[in-house]
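For reference, the structure is listed below as structure tokens.
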Amino acid sequence: MLTLSNIFVKYGNRTLLDSVNLVVKPGERIGLVGRNGAGKSTLLKIIADEMSPQEGNVVKPTHFTVGYLHQDMLLPKGKTVLDETMTAFAEVLALEQQLHDIQAELAVREDYETDAYHKLLEDMGDLTEHLHHLGHATTTADAERVLTGLGFLHADMTRLTDEFSGGWQMRIELAKILLRQPDLLLLDEPTNHLDIESILWLEDWLGKYPGMAIVISHDRRFLDNVTNRTVEIMLGRLDDYKAPYSRYVELSAERREKLASAYENQQRVIADRERTIARFMAKATKTKMAQSMQKQLDKMERVEIDEQDTSVMRLRFPDAPRSGEVVASAEHLTKRYGNLKVLENVDFQLLRGERVAFVGQNGQGKTTLAKILVNAETATSGKASLGYNVSIGYYAQNQAETLDPKITLLETMEKYSPPEMRTKLRAVLGGFLFSGEDVDKKVVALSGGERARLALACMLLRPFNFLVLDEPTNHLDMLSKDVLKQALLDFNGTLLVVSHDREFLSDLTTRTIEFRDHRLHEYLGDVNYFLDKRRLDNMRQVEMRTTSGGRSGSGYARPDEQSKSGTALTPEEKKQLQRTVQRSERRISEIEAELKKMEGKMAEADFYNKPESQNVLQKYNSGKSELEQVYAEWETAMEQLG
């Protein structure tokens with residue numbers, strides 16, 4: 001059991017943690033939530049003994065072990081991925097070296113009858129038993145299993161850690177911590193650099209973990225799947241709920257509603273009594289009674305409504321200028337970095353008004369294709385092009401880091417602003433929670449979340465009709481993510497978003513493109529539809545048990561599985577169903593294109609005054625009905641294919 005008592009931390013005039021208490025019991029997995037800068041990471045550092053509070057103490061049992069994954073970490077250079085990961089077994093490695101030394105000594109000794117020789121035999125037996133208890137025979141296999149679960153390929157095991165980006169180095173550090181199996185896991189934003197596949201694997205691993213865990217994450221679904229308790233830090237205090245995140249949100253709202261009702265009722269009672277006391281005090285015969293009532297009123301335990309930080313940015317994307325029907329396309333596109341093949345002969349088309357999500361393992365080409373489509377990178381071969389009158393709004397994965405740290409927020413906005421927006425910059429910054437003197441702060445002084453908000457603010461200074469967002473939620477807190485998602489739902493242009501956040505993607509897009517094996521695999525639905533079609537939570541297991549569908553001229557593929565009944569399809573049945581799927585998909589695309597054209601006509605101001613309006617409306621309704629029928633035909637064929 002871990003106990004925090006009266007922890008107090010103050011920075012300047014700001015109290016970060018105000019005499020907070022927390023007890024963590026065996027088996028508990030706590031989601032630590034709160035706004036950016038609320039003190040979550042500070043609390044983890046205190047628990048991990050990386051900093052000391054100004055007041056209070058942390059009590060841990062003897063021999064209590066803690067594994068801490070923080071956001072700022074640096075691996076030593078010069079080791080392979082596997083060798084660095086094996087340092088997690090430092091005790092095992094040291095014991096193995098002792099055993100090796102004893103065996104080497106026994107090989108050259110001949111004093112078989114001496115006490116010293118027998119002592120070496122005893123030590124060798126003790127070491128062998130201890131190593132067996134620690135499971136030393138499977139350490140390498142365990143390390144490879146965890147690394148594979150976190151997305152490393154077998155070929156990566158012998159590569160140097162220096163060759164990997166910071167996100168992949170974080171995975172190595174996470175693997176080491178998981179393999180140590182400490183009594184308490186402290187995980188600060190573990191999903192920030194993980195793809196959906198690795199997040200699902202980590203959820204499964206944590207579900208079987210026997211120890212305690214405290215997790216900071218802005219990924220709602222991850223918190224719901226791995227935690228059984230939620231602790232919120234707000235304005236220096238802790239609010240504790242024995243429930244995962246989504247249930248905590250409901251309980252918190254119910255609690256505040258009851259408090260508000262109790263507060264209003266009490267205020268009415270207090271007002272009535274104060275009026276009575278004032279009346280009685282005016283009469284000499286009732287002064288004592290009034291004084292007695294006043295004492296009772298003073299002793300009344302007052303209902304208090306805690307302050308709540310509900311400030312959120314105001315975000316609305318500008319109306320999108322009308323573009324051509326085809327917004328972006330790629331034909332026979334291949335991308336290599338030296339000998340590394342990322343994309344091979346892929347085709348892709350994005351139509352006006354579509355909302356598409358790119359998902360899949362890191363390193364499979366999601367960001368690469370997004371960059372090629374917005375002309376931020378060139379293809380090795382093949383062709384990528386933008387449609388007529390397409391204007392781009394692009395938020396890169398490292399957009400917040402590209403801001404000049406030496407200039408102020410206002411100077412940053414001026415740098416990205418067209419002349420006509422210059423007078424509105426302070427108002428725009430205010431909408432992103434930067435007001436008053438904040439605008440004169442240097443960018444270097446901002447937190448990760450604040451930089452992300454500033455980068456979004458810069459993007460809104462010019463209108464666009466093709467919005468491309470690459471991991472936009474990495475540094476945003478829960479409320480900011482909600483605001484961004486609602487703004488995207490209201491955006492009337494074409495959307496392409498690269499993300500691993502399942503809750504954020506849920507119901508946001510209508511097509512999901514999975515990047516796997518240098519190719520694109522299309523799913524006509526949002527991320528939930530995609531995950532459902534992949535069947536199992538651990539998508540890597542699916543890939544091991546199934547093969548990709550036949551390669552089509554479009555560059556897309558679908559999983560080739562058994563029929564839903566579990567009976568293997570004959571080759572002829574499979575071909576027939578695949579032909580049905582392809583025919584349905586072609587017809588769906590045709591109908592949707594026709595409907596979009598008719599919607600364009602129907603949006604014209606004088607449409608209903610034109611003679612052909614009734615004919616267009618009849619065709620439109622007929623097209624909608626046919627679309628439903630073709631979708632049903634497609635879905636039936638897909639279900640039979642698996």
Completion exercise
Looking across the range 384-426 at residues that are in contact with a helix residue (DSSP H, G or I) (Cβ under 8 Å, 6 or more places away or on another chain) and part of a loop (DSSP other than H, G, I, E, B), the single one that is modelled with the lowest pLDDT is Gln397
Practice task
Looking only at the range 242-260, decide whether some residue is crowded, with 18+ Cβ neighbours inside 10 Å and basic (Lys, Arg).
Solution key: no
Handout entry: Single condition Gly166 does not satisfy, out of (1) under 22 Å from the mean Cα position of the chain (by Cα); (2) open to solvent by less than 20 Å² (accessible area, probe 1.4 Å); (3) more than 21 Å from Trp205 (Cβ to Cβ)
Key = (2)
Completion exercise
Scanning the range 449-458 for residues that are among the hydrophobic types (A, V, I, L, M, F, W, C) and either in a strand (DSSP E or B) or open to solvent by less than 10 Å² (accessible area, probe 1.4 Å) (or both) gives Ala452, Leu454, Ala455, Leu456, Ala457
Completion exercise
Leu106 meets each of (1) part of a helix (DSSP H, G or I); (2) at pLDDT below 90; (3) open to solvent by 70 Å² or more (accessible area, probe 1.4 Å) with one exception, condition (3)
Practice task
Would you tally the residues in the range 1-33 being part of a strand (DSSP E or B) and either in contact with a Gly (Cβ under 8 Å, 6 or more places away or on another chain) or modelled with pLDDT under 85 (or both)?
Solution key: 14
Fill in the blank from the handout: Flagged in the range 150-163 as open to solvent by less than 60 Å² (accessible area, probe 1.4 Å) and touching a strand residue (DSSP E or B) at 6+ places or on another chain (Cβ under 8 Å), in numbering order, are Met157, Thr161
Handout entry: Hits in the range 325-355 - residues which are of a type in the set (Val, Ile, Thr) and free of Cβ contacts under 8 Å to residues at least 60 places away in the same chain
Key = Thr334
Completion exercise
Per the filter on the range 327-377, residues in contact with a strand residue (DSSP E or B) (Cβ under 8 Å, 6 or more places away or on another chain), hydroxyl-bearing (Ser, Thr, Tyr) and farther than 28 Å from Ile591 by Cβ are Thr334, Thr367, Thr368
Problem - Answer residue from the range 34-54, given it is of a type outside the set (A, V, I, L, M, F, W, C) and outside any loop (DSSP other than H, G, I, E, B) and is most open to solvent (accessible area, probe 1.4 Å) among those - result: Lys45
Fill in the blank from the handout: Across (1) under 17 Å from the mean Cα position of the chain (by Cα); (2) on the phi > 0 side of the Ramachandran plot, Thr191 clears everything bar (2)
Problem - Answer from Leu120, Leu178 - the residue that is surrounded by 15 or more Cβ atoms within 10 Å (Cβ to Cβ) and farther than 26 Å from Asp49 by Cα - result: Leu120
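Just to verify a result, which residue in the range 287-314, among those that are farther than 30 Å from Leu476 by Cβ and modelled with pLDDT under 75, is surrounded by the most Cβ atoms within 10 Å (Cβ to Cβ)? Give the steps one after another, and end with the answer.
Just the residues of the range 287-314 that are farther than 30 Å from Leu476 by Cβ, to begin with: 287-304.
So of that shortlist, the ones also modelled with pLDDT under 75 come out as 303-304.
Details: Val303: 15, Glu304: 8.
It comes out as Val303.
Tell me, which residue of the range 1-29 that is in contact with a strand residue (DSSP E or B) (Cβ under 8 Å, 6 or more places away or on another chain) and of a type in the set (D, E, K, R) is most open to solvent (accessible area, probe 1.4 Å)?
Filtering first and then ranking leaves Lys25.
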Practice task
Considering every residue within the range 459-473, establish whether at least one is surrounded by 19 or more Cβ atoms within 10 Å (Cβ to Cβ) and at positive phi.
Solution key: yes
Problem - Residue in the range 372-381 that is assigned to a helix (DSSP H, G or I), open to solvent by less than 40 Å² (accessible area, probe 1.4 Å), modelled with pLDDT of 90 or more and under 15 Å from Asp347 (Cα atoms) present - result: yes
Practice task
Answer with yes or no whether Tyr416 is open to solvent by 70 Å² or more (accessible area, probe 1.4 Å), of a type outside the set (D, E, K, R), over 30 Å from Gly149 (Cα atoms) and touching a Leu at 6+ places or on another chain (Cβ under 7 Å).
Solution key: yes
Problem - Residue list for the range 485-497, filter: buried (at least 23 other Cβ atoms within 10 Å of the Cβ) and either hydrophobic (A, V, I, L, M, F, W, C) or not in a loop (DSSP other than H, G, I, E, B) (or both) - result: Thr494, Leu495, Leu496, Val497
Completion exercise
Flagged in the range 261-279 as touching a residue at least 40 places away in the same chain (Cβ under 8 Å) and open to solvent by 70 Å² or more (accessible area, probe 1.4 Å), in numbering order, are Tyr263
Fill in the blank from the handout: Residues of the range 243-301 being of a type in the set (S, T, N, Q) and closer than 30 Å to Ile214 by Cβ, in sequence order, are Ser246, Ser252
Handout entry: Residue tally, condition open to solvent by less than 90 Å² (accessible area, probe 1.4 Å) and more than 15 Å from Leu524 (Cα to Cα), over the range 592-611
Key = 13
Practice task
Count, please, the residues in the range 33-73 that happen to be touching a helix residue (DSSP H, G or I) at 6+ places or on another chain (Cβ under 8 Å) and among the basic types (Lys, Arg).
Solution key: 1
Completion exercise
Restricting the range 131-161 to residues that are more than 20 Å from Asp204 (Cβ to Cβ) and touching a Leu at 6+ places or on another chain (Cβ under 6 Å), the one modelled with the lowest pLDDT turns out to be Leu131
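The values are calculated or read from the model by the stated rules, or taken from the named source; none is laboratory data. This structure is a prediction, so every number in the text was calculated from the model and none was measured. Neighbour counts are summed over all protein chains in view; Cβ atoms, including those assigned to glycine, are modelled from backbone coordinates with ideal geometry. What goes into the accessible areas is simple: the full protein's heavy atoms, side chains included, and nothing from ligands, DNA or RNA. Shrake-Rupley method; radii C 1.70, N 1.55, O 1.52, S 1.80 Å.
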